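Peer 1: I have a structure I would like to understand better, so I am pasting it below and will then ask my questions one at a time.
The values are calculated or read from the model by the stated rules, or taken from the named source; none is laboratory data. These numbers were taken from a predicted model, which means no experiment stands behind them. As a convention, Cβ positions derive from the backbone with ideal geometry for all residues, glycine included, and neighbour counts pool all protein chains shown.
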């Protein structure tokens, strides 16, 4: 036989049997204070509200906003569905509107940043493909490594007649510097250690100027070849860099 809770026994001893489904509520929130004056007979829905930051006032129920801690009538909260029940949200309408506006602002900035990155990647891909095509027209072996499963490694392999095999990576130059990713940098270092040749190519997206730089973690426009950048066809600029490097 189930044991009845002490506060329910005290209430029933004074006021008679508790109706089926009804709860006994501690008014001060202290479950150890079982004085009769601290006990109240309530229905389950009311009992849940009393323990859920609600207040019952003369003109109806009030709920505490979790954001500003103020108490407001229930119609000042947006309704939300939890399972089959419809209840009030945790924040009042002004706080909810502010939070929604901030959420939308942050996610709009993130979406715009993702679009910008994707646009830059597409532009880089177009310039790499054009460079490889132009190198082939000059009689060089050139291909892109787009079919490689290891995403993020050096993308272009170029071999001009009479020059060493070259691995290159191209980046858009939006400021004064351009750099490979850490993974690309490590692959380039391994290739150089094995006797290979690597370079970093930069393209200014506005002026379409091309810069060629020795393999480095961070490349500067002012230290690139040729000084100030080249407006010539990209394949010719790359071949001139190879010739300049051999004479250097």
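Peer 1: How many residues are in contact with a helix residue (DSSP H, G or I) (Cβ under 9 Å, 6 or more places away or on another chain) and crowded, with 19+ Cβ neighbours inside 10 Å when one looks only at segment 175-194? Explain how you work it out, then say what you get.
Peer 2: Going through segment 175-194, the residues in contact with a helix residue (DSSP H, G or I) (Cβ under 9 Å, 6 or more places away or on another chain) turn out to be 175-180.
Narrowing the set further to residues that are crowded, with 19+ Cβ neighbours inside 10 Å leaves 178, 180.
Total meeting the criteria: 2.
Peer 1: Related question: Does segment 224-248 hold any residues that are surrounded by fewer than 14 Cβ atoms within 10 Å (Cβ to Cβ) and part of a helix (DSSP H, G or I), and which are they?
Peer 2: Within segment 224-248, 243, 244, 246, 247 meet the criteria.
Quick grid of which residues meet (1) within 18 Å of residue 240 (Cβ to Cβ); (2) in contact with a strand residue (DSSP E or B) (Cβ under 8 Å, 6 or more places away or on another chain); (3) surrounded by 13 or more Cβ atoms within 10 Å (Cβ to Cβ); (4) modelled with pLDDT of 90 or more:
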{"residue": "107", "(1), (2), (3), (4)": "no, no, no, yes"}
{"residue": "110", "(1), (2), (3), (4)": "no, no, no, yes"}
{"residue": "117", "(1), (2), (3), (4)": "no, no, no, no"}
{"residue": "132", "(1), (2), (3), (4)": "yes, yes, yes, yes"}
{"residue": "149", "(1), (2), (3), (4)": "no, no, no, no"}
{"residue": "157", "(1), (2), (3), (4)": "no, yes, yes, yes"}
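Peer 1: In this structure, does residue 208 turn out to be exposed (fewer than 15 other Cβ atoms within 10 Å of the Cβ), in contact with a helix residue (DSSP H, G or I) (Cβ under 7 Å, 6 or more places away or on another chain) and assigned to a loop (DSSP other than H, G, I, E, B)? Spell out the reasoning first.
Peer 2: Values: exposed (fewer than 15 other Cβ atoms within 10 Å of the Cβ): yes; in contact with a helix residue (DSSP H, G or I) (Cβ under 7 Å, 6 or more places away or on another chain): no; assigned to a loop (DSSP other than H, G, I, E, B): yes.
No; evaluated as a whole, the condition is false for this residue.
Peer 1: Would you say residue 221 is surrounded by 15 or more Cβ atoms within 10 Å (Cβ to Cβ), more than 19 Å from residue 156 (Cα to Cα) and more than 27 Å from the chain's Cα centre (by Cα)? Full working, then the answer.
Peer 2: Numbers: surrounded by 15 or more Cβ atoms within 10 Å (Cβ to Cβ): yes; more than 19 Å from residue 156 (Cα to Cα): yes; more than 27 Å from the chain's Cα centre (by Cα): yes.
It is true that residue 221 is surrounded by 15 or more Cβ atoms within 10 Å (Cβ to Cβ), more than 19 Å from residue 156 (Cα to Cα) and more than 27 Å from the chain's Cα centre (by Cα).
Peer 1: Still on this structure, please answer the following. Could you please find all residues in segment 1-34 being more than 54 Å from the chain's Cα centre (by Cα) and either under 24 Å from residue 55 (Cβ atoms) or part of a helix (DSSP H, G or I) (or both)?
Peer 2: Hits for segment 1-34 are 9, 10, 11, 12, 13, 14, 15.
Peer 1: Can I ask one more? Got a number for residues in segment 157-174 being within 17 Å of residue 117 (Cβ to Cβ), out of contact with any helix residue (DSSP H, G or I) (no Cβ under 6 Å at 6 or more places or on another chain) and assigned to a strand (DSSP E or B)?
Peer 2: First pass over segment 157-174, keeping only residues within 17 Å of residue 117 (Cβ to Cβ): 169-174.
Those left that are additionally out of contact with any helix residue (DSSP H, G or I) (no Cβ under 6 Å at 6 or more places or on another chain): 171, 173-174.
After this cut, where a residue has to be assigned to a strand (DSSP E or B) as well, the list is 171.
Residues in segment 157-174 being within 17 Å of residue 117 (Cβ to Cβ), out of contact with any helix residue (DSSP H, G or I) (no Cβ under 6 Å at 6 or more places or on another chain) and assigned to a strand (DSSP E or B): 1 in total.
Peer 1: Under the condition of being in contact with a strand residue (DSSP E or B) (Cβ under 6 Å, 6 or more places away or on another chain) and within 20 Å of residue 96 (Cα to Cα), which residue from segment 43-66 is modelled with the lowest pLDDT?
Peer 2: Top of the filtered list is 53.
Peer 1: Separate question: Which condition number does residue 229 fail, the rest of (1) at pLDDT 90 or above; (2) at positive phi being met?
Peer 2: That leaves (1) as the condition not met.
Peer 1: How about segment 35-47: which of its residues are free of Cβ contacts under 8 Å to residues at least 24 places away in the same chain and under 48 Å from the mean Cα position of the chain (by Cα)? Before the answer, list the steps.
Peer 2: From segment 35-47, those free of Cβ contacts under 8 Å to residues at least 24 places away in the same chain are 35, 37-38, 40, 42-46; that's our starting set.
Result: 42, 43, 44, 45, 46.
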